[in-house]
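Enquirer: I'd like to ask some things about the structure below.
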Amino acid sequence: METLQQTIIRAAEAMQEELTARRRDFHAYPELGWCEMRTSSLIARRLTELGYEVLTGPAVCRDEARMGLPDRQTLEQAYRQAEQQGADPEFLPAARGGFTGVIGILRCGEGPTAALRFDIDALPVSECPDGEHRPTREGFASRSAGVMHACGHDGHAAIGLGTAELLMRLRDRLHGTVKLIFQPAEEGVRGAKSIVEAGHLDGVDYVLGGHMGGAPDTPAPSIGVGSGNTLATTKFDVCFQGKPAHAGFCPELGKNAMLAAAAAVLNLYASPGTGPRPPRSMWAS
Ligand SMILES: [Zn+2]
């Protein structure tokens, strides 16, 4: 009998063409955080076709916990654009108003619950118009001016859908529950909080996330597999309070909040370390 690993490799190889096409489609229509309406609608469509229990719209993210939500007008423009760019008409309305992100659930009886996270948003970056740039040359460059999948989340979304298909095929050999979380607004560290606060990680035993990337000293195309050693970011607000004083008579009695803030900014930049990188053995061409 074929081993599980052999089954997975064979099935993954068979999906290569389809997943490349999906990745290129996502690449051609990038959407910024909380505006991933076309993207979410297509993911929801595919998960539904595969037989997943699918959560969309306000069921995915807690409304008030959506950090950095664009203004209403921007969200409405994103909705119109998604309509024009081929969003799935059945699933698009759920995303209106910035309720993006999709969760697919596969229940396979008793056992642990594992969540896999795939982020889906793009960046406010213009894609290189050079004709030699491969997406331009092969016709899948961004069709949205000033927005680009510059962080590889088009690949993450496609990988998520490929994983969804694989897991569904293997469901008779699985125990427990799998949650596939297609998370909005990863850029700027904004989207995860609302998913956590919606309770989707309650009772989850394992959470796996991944990110595409490259190492500077490996030949392209390469794939790196590893864990750990990736820095995370977070945000916090700091308030500096000063004390006014006359600049000519008694400047020494003042407390200059602007100066303190500027000094803090410079000194904070002394903090990021050059942490250890995954060993080279984890990278393979
Ligand atoms: Zn990223």
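The values are calculated or read from the model by the stated rules, or taken from the named source; none is laboratory data. None of the values given here were measured: they were computed from a predicted structure. So basically every Cβ, Gly included, is an ideal-geometry build from the backbone, and we count neighbours across all protein chains shown. Heads up: the accessible areas ignore ligands, DNA and RNA and are worked out on the full protein's heavy atoms, side chains in. Shrake-Rupley method; radii C 1.70, N 1.55, O 1.52, S 1.80 Å.
Enquirer: How long are the three semi-axes of the equivalent ellipsoid for region 15-135, computed from the Cα gyration tensor as the root of 5 times each eigenvalue, in whole Å, largest first? If you can, show how the numbers build up before the last one.
Expert: Details: eigenvalues 123, 83, 37 Å².
Here the semi-axes work out to 25, 20, 14 Å.
Enquirer: Round to the nearest 10 and report in Å² the accessible area of Asp71, as given by a 1.4 Å probe over the protein chains' heavy atoms.
Expert: Spelled out: Asp71, probe radius 1.4 Å, area about 90 Å².
Enquirer: For region 135-192, what does the convex hull of the Cα positions come to per residue, in cubic angstrom? The partial results should precede the final answer.
Expert: On the way: hull volume 6.2 nm³, N = 58.
For region 135-192, the hull spanned by Cα atoms encloses 107 Å³ per residue.
Enquirer: Right, another one. Tell me the label-point distance for the pair Ala260, Arg10, using the 7 Å Cα-to-Cβ offset, in nm and rounded to one decimal.
Expert: So the two model labels end up 6.8 nm from each other.
Enquirer: Can you give the % of DSSP beta bridges in the chain that are antiparallel, to the nearest 5?
Expert: On the way: 14 of 25 bridges.
Roughly 55 percent of the beta bridges in the chain run antiparallel, per DSSP.
Enquirer: Run the accessible area of region 84-191 with a 1.4 Å probe and give the carbon-and-sulfur part as a rounded percent.
Expert: Values: 2390 of 4490 Å².
Its accessible area is 53 percent carbon and sulfur atoms.
Enquirer: So what's Rg/Rh here for region 80-160, counting alpha carbon atoms and using the Kirkwood radius for Rh? Mind showing how you got there, number by number?
Expert: Details: Rg = 16.3 Å, Rh = 15.4 Å.
Result for region 80-160 is an Rg/Rh of 1.06.
Enquirer: Straight-line reach from Lys255: which lysines fall under 29 Å, measuring Cα to Cα and dropping same-chain residues less than 8 apart?
Expert: List returned: Lys235, Lys243.
Enquirer: Here is a further query. State the three equivalent ellipsoid semi-axes of region 229-271, derived from the C-alpha gyration tensor as the square roots of 5 times its eigenvalues, in descending order and whole Å.
Expert: Values: eigenvalues 204, 23, 5 Å².
For region 229-271, the ellipsoid semi-axes come out as 32, 11, 5 Å.
Enquirer: Could you compute Rg(Cα) / (2.2 N^0.38 Å) for the chain, with N its residue count?
Expert: Working: Rg = 22.4 Å, N = 285, 2.2 N^0.38 = 18.8 Å.
Relative to the rule-of-thumb radius for its length, the chain sits at 1.19.
Enquirer: Taking amide H positions as placed 1.01 Å from N in the peptide plane, with prolines and chain starts having none, which residues 5 or more places from Phe118, or on another chain, fall under 5 Å of its amide H?
Expert: Ile181, Phe182, Gln183
Enquirer: Run the paramagnetic zone check for Leu166: 7 angstrom along Cα to Cβ, then residues of region 186-213 with backbone nitrogen under 19 Å.
Expert: So the set is 206-213.
Enquirer: Per residue, how much accessible area does region 109-151 show when a 1.4 Å probe rolls over the protein heavy atoms, in square angstrom? Don't skip to the answer; put the middle values down first.
Expert: Details: 2240 Å² over 43 residues.
Dividing the accessible area of region 109-151 by its residue count gives 52 Å².
Enquirer: Could you give the semi-axes, largest first, of the ellipsoid that matches region 1-41, computed as the square roots of 5 times the alpha carbon gyration tensor eigenvalues and rounded to whole Å?
Expert: Details: eigenvalues 193, 26, 8 Å².
Working from the Cα gyration tensor, I get semi-axes of 31, 11, 6 Å.
Enquirer: A further question follows. Just to be sure I follow the definition: excluding the sites themselves, where is the longest run in the chain that has none of the chymotrypsin sites (Phe, Trp or Tyr not before Pro) in a DSSP loop with at most 13 other Cβ atoms within 10 Å? Walk me through the intermediate numbers first.
Expert: Values: sites that count: Phe236, Phe249, Tyr269.
Value returned for the longest uninterrupted segment is 1-235.
Enquirer: Still on this model: Taking the solvent-accessible surface of protein heavy atoms with a 1.4 Å probe, what is the per residue accessible area of region 1-64 in Å²?
Expert: Details: 3180 Å² over 64 residues.
On a per-residue basis, region 1-64 sits at 50 Å².
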